[in-house]
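Working notes, beginning with the structure itself.
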Amino acid sequence: MYHTIEFAVDIHPDLEVSPKKPLEKVRIAKGSRLQAQLKPYVIETDAGLIEVADLYFIDGRVARGIAFEKFSLAD
């Protein structure tokens, strides 16, 4: 299921386009709304546990390990 998400800050993720292509560095501006499937999980850092998600965008690109504090559900 795709959700509309809105970014709370500018982010610069490396997007996976395809297994045969290099990662694509992009800028997603604060306030941008995109449709994505969310695959949430928790990672352990020096600062403690952080909730993150892999974002599977509707155009097929994937951003991995994006912290939930950087986006919210808009729908």
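Read the figures in this text as sums done on the coordinates, not as results from a lab. The shown structure was predicted, so the numbers you read here are calculated from the model rather than taken from an experiment. Cβ sites come from the backbone with ideal geometry, for glycine too, and all protein chains shown count toward neighbours.
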Could you state the orientation-averaged shadow area of the convex hull built on the Cα atoms of the chain, in nm² to one decimal? 5.3
Defining a contact as two alpha carbons under 8 Å apart and six or more residues distant in sequence, what relative contact order in percent does the chain show? 37
What are the residues whose amide H is under 5 Å from the amide H of A8, where those residues sit 5 or more places off or on another chain and H is modelled from the backbone? G31, F71, S72
Please name whichever of F57, P19, V9 sits farthest to the positive end of the charge dipole of the chain, dipole taken about the Cα centre and charges placed at Cβ: Lys and Arg +1, Asp and Glu -1. P19
Suppose every Lys and Arg Cβ carries +1 and every Asp and Glu Cβ carries -1, with no other charges. What dipole size does the chain come out with about its Cα centre, to the nearest 20 debye? 340
Pop out the ³J(HN,Hα) list for the stretch 53-70 in order, Karplus 6.51 cos²θ - 1.76 cosθ + 1.60 with θ = phi - 60°, rounded to Hz; leave Gly and Pro as x. 8, 8, 9, 9, 6, 4, 8, x, 7, 10, 10, 9, x, 8, 5, 4, 5, 8
